[in-house]
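Only one structure is covered here, and it is reproduced in the block below.
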Ligand code: HEM
């Protein structure tokens, strides 16, 4: 393990600099987790509107149903569906990490790749199903 002295001799910046970060799977998985969490939160008002409309008058029901079949409705369903599936799987991964499982660098990279793969596969399957 490198000591503080070793790091200082490498002449590296001590504070984070985006320009020197190299992209790797755990970093992407973490960013995507935040993005999917925000997407899910933003969907709450739309979900409440849909719930209200679906349980309201027949006209409200028809309007909500029609919206879900239009491109904006389909795109929202696709985005939220893929976000939920990804967030769920990566959320389980994060909970395992919190419990101390899979903390080695290799395991972190492998599980991040699996979670991203599941998210991408979910996005493709949902995209095909909704279009
Ligand atoms: C489906 C089951 C879910 C699981 C297993 C799960 C798991 C998690 C975990 C473990 C975290 C903490 C991540 C960290 O340590 O940085 C988290 C963050 C978060 N979750 Fe979930 N979650 C789930 C569903 C949801 C839902 C339904 C929403 C929104 C309605 C949501 C919104 C968020 C947000 C906004 C964050 C904070 C993201 C951040 O600051 O990076 N999650 N989730």
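The values are calculated or read from the model by the stated rules, or taken from the named source; none is laboratory data. Here the structure is a predicted model, which is why all the values come from computation and not from measurement. Note that we place each Cβ from the backbone using ideal geometry, even for glycine, and neighbour counts take in every protein chain shown.
A few comments on the model shown:
- Complete set of residues in segment 60-82 that are within 13 Å of residue 47 (Cα to Cα) and without any contact (Cβ under 8 Å) to a residue 24 or more places away in the chain: 64, 65, 67, 68, 73
- Taking segment 1-49 as the range and being modelled with pLDDT of 95 or more and over 28 Å from residue 92 (Cα atoms) as the test, only 49 passes.
- Per the conditions (1) within 16 Å of the ligand (Cβ to nearest atom); (2) touching a residue at least 40 places away in the same chain (Cβ under 8 Å); (3) more than 19 Å from residue 27 (Cβ to Cβ), the sole criterion not satisfied by residue 130 is (1).
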